[in-house]
Amino acid sequence: MIGRAHTINRMQAWSFSLGRWLGVEVRLHAYFLLLLALTMGAAPAAGADGTRGFALWLMVLLAVAVREVARAVAAAWMGLELNAVLLLPTGGLMTFANGAELTAGTERRMAAVGPVANVAAGAVLAGLMLAVAPEVELWRQPWVSVGHLLRALMWSNVLLGVVNALPAVPLDAGRAVRATLATSRGMAVAAKATSGLSRMIALLLVCGGLALRQPWMTAAGAFLLLAGSLDRQTMLVENEIDSIRMRDVMLEDFNTLSGADTLEEALNRAMHATQDVFPVVRSGSLVGAISRQRIVEALESGGNGYVQGTMTRGLTTAAPDDPVMTTLRKMVGHGGAQLVPVVDGDRVVGIVTPGNLSHATRLLARQRRLKKLAER
C-alpha cells in the first residue's frame, strides 16, 4: 500500500529505460548490472568463459520476466491499468496509471501470482528436462551455475518464487503482510513490525548462503538488506508528511489562461510568468492546462490558434484537504504530471508542481519537527 510509489520513484534514479512494451514503460535497475558483473567475473572460476556468465545472467532475467508477465496479466484481469514496471533481481515493482494504491485484498492476490508463476515455470522446465535428458541431475549443487544453463533457468524460477513468498519488504508477500496489518493495527505499527521481520529474514539469507555456499541466497539477502533500508527511509518520510494537506503546500499566487485566448496572447502572458504550465479556465471553472513549450510548438507547426484547441484535458486534480501523499501517488501514476490544479468545486484555488510539492513538503515537515523539539 503506502510507500510503493515513493519507493519506486527513488529506485528509478538507479535504473535505465528499456522502452515501452505494449504501452508499459519497462526499466532495469542497476542491481542487474552488478549481477552481470558478478556472473561474468565468477564464470572463469567454474571453468567457463564470460559468455556463459552472460548467459546465466540472461536466465535470471528471463525468470524475472516470467514473473512480471504473469503479474501484468493478473493486474489487467483485476482492472488495474499498468503504467510502468521496475525490474530488480528479486522481481519487479509496478506503478499503475490511475495512481491508485492496492487494497490489502488485492495486495494478497498479486503477491500469490509471482511465486505461483515462477514455481509452475520451474516445474514445467523440470518435466521437460526429465523427459528429454533424464541423465541430468536436477538436485546437483550448485543449483544456479554456468555449468548447466537449462537447470539454472529451472532453479532460478523456483528460487525466485520461494524468495518472493517470504514476508519481507519490499517483496510482494512482505507488502501484503504490511497492508493486512495496517488495516487493523495502523500503518505505523505495521511498518515497524514488517521492517524488523524483513531485516531478520535478510540476515538469515545472507548467513545461510555463506554457510551452505549458495551465492544466490547470499545475494538475495544482501539485496533485501539494501532495498529494505530504502523502504524504511521512505516510510519514515511518509509518516512525517502523512498529515500534510494540499492547502498547506499549494501555490496560491499563480496565473491562468482562458480557452478563448489566442496562442500568441497566451505566449505573451507566459513570457511574463514564472510558471511552465498554466491552468486553463472558462468562467472561473477548470477546463484544461497548457505548457509554455506546447504553446510554442503549436505556433510553429500550425500558426496562431486558440488555447482551447491545443490544451490538455482530463487533468489530475486535487482537493484542498487531500493528503499530499495521495497527490504524489497520482502524479507518479500519471507518468509524472507537471501540474496538479487544486480545485474547490470547479474553481481553481491553487496549483502544485513536482518541484514546489517536494520543496514545500520538506520545509513544512522540518518546521513541524522543530516545533515539536521546541515544545519539549
Looking at region 119-140, is at least one residue of a type in the set (V, I, T) and closer than 19 Å to R67 by Cα?
yes
If you check V177 against the conditions, is it farther than 19 Å from W57 by Cα and within 23 Å of the chain's Cα centre (by Cα)?
yes
Is region 104-119 home to any residue that is touching a Phe, Trp or Tyr at 6+ places or on another chain (Cβ under 6 Å), of a type in the set (G, A, S), modelled with pLDDT of 85 or more and outside any strand (DSSP E or B)?
no
Can you pull out every residue in region 42-74 that is among the small types (G, A, S) and out of contact with any helix residue (DSSP H, G or I) (no Cβ under 7 Å at 6 or more places or on another chain)?
A45, A46, G47, A48, A65, A72
For region 279-289, what are the residues that are of a type outside the set (G, A, S) and touching a residue at least 60 places away in the same chain (Cβ under 8 Å)?
P279, V281, L286
For residues in region 230-265 being of a type in the set (G, A, S) and at pLDDT 85 or above, which is surrounded by the fewest Cβ atoms within 10 Å (Cβ to Cβ)?
A260
Flagged pairs (Cβ under 6 angstrom, 6 or more apart or on separate chains; first in region 355-367, assigned by TED's automatic domain parsing to the domain that holds M325 and part of a helix (DSSP H, G or I); second crowded, with 16+ Cβ neighbours inside 10 Å and among the aliphatic types (A, V, I, L, M)) are A360/V249; T361/I241; T361/V249; T361/V324; L364/I244; A365/I241
If I ask for residues that are surrounded by 16 or more Cβ atoms within 10 Å (Cβ to Cβ) and modelled with pLDDT of 90 or more, which ones from region 200-220 would you list?
I201, A202, L205, V206
Residue check for A227: crowded, with 21+ Cβ neighbours inside 10 Å and closer than 21 Å to Y31 by Cβ:
yes
Filter region 30-77 down to the residues that are acidic (D, E) and buried (at least 19 other Cβ atoms within 10 Å of the Cβ) and list them by number.
E68
All conditions in (1) touching a Leu at 6+ places or on another chain (Cβ under 7 Å); (2) assigned to a helix (DSSP H, G or I); (3) not hydroxyl-bearing (S, T, Y) are true of M94 except (2)
Going through region 304-314 one residue at a time, which ones are at pLDDT 90 or above, not in a helix (DSSP H, G or I) and not hydroxyl-bearing (S, T, Y)?
N304, G305, M311
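Does L181 satisfy the criteria of being part of a helix (DSSP H, G or I) and surrounded by 16 or more Cβ atoms within 10 Å (Cβ to Cβ)? Walk me through how you get there before you give the answer.
Values: part of a helix (DSSP H, G or I): yes; surrounded by 16 or more Cβ atoms within 10 Å (Cβ to Cβ): yes.
Here the answer is yes, as L181 does meet what is asked.
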Within region 82-102, take every residue that is β-branched (V, I, T) and at pLDDT 85 or above and give me the one that is farthest from S17 (Cα to Cα).
T90
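The values are calculated or read from the model by the stated rules, or taken from the named source; none is laboratory data. Since we're looking at a predicted model, the values are computed, not measured. All Cβ positions, glycine included, derive from the backbone under ideal geometry; neighbour counts span all protein chains shown.
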